[in-house]
């Protein structure tokens, strides 16, 4: 996998955009997912994920090819998400998906006659609750938790992505876990 | 409240970085301390919740949208891709280039004076003379030299990269042709090849 990506990167450096398309195909879901969990809505997630790929393309020459491409790409995406969170004004789109749910928008929050099966509703509610609690975390804990438990990355990789010492990453994950525990203990 | 170092051990355990001795100490403590056990379970539960979050898929048009936002591609890449996608055209253009190259190199090689062999032709310093009163039979070909015709040539006359003078008394029964420029020369080659091909068929039918 990494070998294919390395080959494609060489083609991209020569200016081949089709090769970059293949790279986007490989990583689009994980980058989008990362952004979605960091930001909590699909409009922003798509916007930031696209921006991350765009930045990667423009700066591809500065990518050190001895490193893992995904580490570099996740670093760009995480930084963009953190920037967005800091600038964020409280905003709501009525057609924006409700945090932590798929295909559920604010329209569907308006009571409807048809009811979802109880189990499905429960799981949707749980996902929504968990996503809400993730979004309540300060961004420095949020990024560490999302990379660890949503992207399933190792502590070492997270330390590279966030450009922080391993000890700091651990502390952030511990604090994030503790904050989530307090919020989710009665769920 | 539970001792701080036990909570530290829980985190080490959750990070998969606990050593066996410490893990034993942790388990020992948890067996005797209900509060710590509850806290440990809550931590594990919240992690399980976060991990159970469904995986989001990027929208279908995601890649297309990214590519649409990229700056314009370099020309040489477009060219390379065009050649890759049009193999026959690439082969054809390569053929044309090679053909032109080989013809040009032949042109450059044949800079030396030469003349077709006929007995009664007189050669003086790159000038070929068909003497007065003589009759030269067959086609006359002169390269890189001058041809003066004072007598009669029974056949075609071709001068490549040179000049021919036809004296008033001179006579040529066939065609007279002067070839000087590269393109003329290529044209001449093509015509000759065509004639030869036709000639082959002619002799066959005869």
Test for residue A:27: is it under 20 Å from residue A:147 (Cβ atoms), free of Cβ contacts under 8 Å to residues at least 24 places away in the same chain and either part of a helix (DSSP H, G or I) or more than 9 Å from chain B (Cβ to nearest Cβ) (or both): no
Criterion: at pLDDT below 80, within 47 Å of the chain's Cα centre (by Cα), closer than 25 Å to residue B:98 by Cβ and buried (at least 18 other Cβ atoms within 10 Å of the Cβ) - qualifying residue of B:179, B:200: B:179
Complete set of residues in segment A:141-174 that are closer than 14 Å to residue A:74 by Cα, part of a helix (DSSP H, G or I) and out of contact with any helix residue (DSSP H, G or I) (no Cβ under 8 Å at 6 or more places or on another chain): none
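Given the criterion facing chain A (nearest Cβ under 9 Å), within 34 Å of the chain's Cα centre (by Cα) and not in a helix (DSSP H, G or I), identify the matching residue among B:59, B:71. Outline the logic, then answer.
Details: B:59 fails: within 34 Å of the chain's Cα centre (by Cα).
B:71 is the lone residue from the list that is facing chain A (nearest Cβ under 9 Å), within 34 Å of the chain's Cα centre (by Cα) and not in a helix (DSSP H, G or I).
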Subset of segment B:96-137 that is under 45 Å from the mean Cα position of the chain (by Cα) and assigned to a loop (DSSP other than H, G, I, E, B) - its residue that is nearest to residue B:174 (Cα to Cα): B:116
Per-region count, segment B:151-177, residues in a strand (DSSP E or B) and under 18 Å from residue B:189 (Cα atoms): 6
Verdict on residue A:44 being assigned to a helix (DSSP H, G or I), touching a residue at least 40 places away in the same chain (Cβ under 8 Å) and within 17 Å of residue B:69 (Cα to Cα): yes
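Looking for something touching a helix residue (DSSP H, G or I) at 6+ places or on another chain (Cβ under 7 Å), facing chain B (nearest Cβ under 10 Å), free of Cβ contacts under 8 Å to residues at least 40 places away in the same chain and within 22 Å of residue A:156 (Cβ to Cβ) - is there at least one such residue anywhere in segment A:57-77? First the steps, then the outcome.
Residues of segment A:57-77 touching a helix residue (DSSP H, G or I) at 6+ places or on another chain (Cβ under 7 Å): A:57, A:60-61, A:63, A:65, A:68-71, A:73-77.
Restricting the remaining residues to those that are facing chain B (nearest Cβ under 10 Å) gives A:57.
After this cut, where a residue has to be free of Cβ contacts under 8 Å to residues at least 40 places away in the same chain as well, the list is none.
Within segment A:57-77 (the criterion being touching a helix residue (DSSP H, G or I) at 6+ places or on another chain (Cβ under 7 Å), facing chain B (nearest Cβ under 10 Å), free of Cβ contacts under 8 Å to residues at least 40 places away in the same chain and within 22 Å of residue A:156 (Cβ to Cβ)), the answer is no, since none of the residues qualifies.
The values are calculated or read from the model by the stated rules, or taken from the named source; none is laboratory data. This is a predicted model, so every value here is computed, not measured. Cβ: placed from backbone, ideal geometry, glycine included. Neighbour counts: every protein chain shown.
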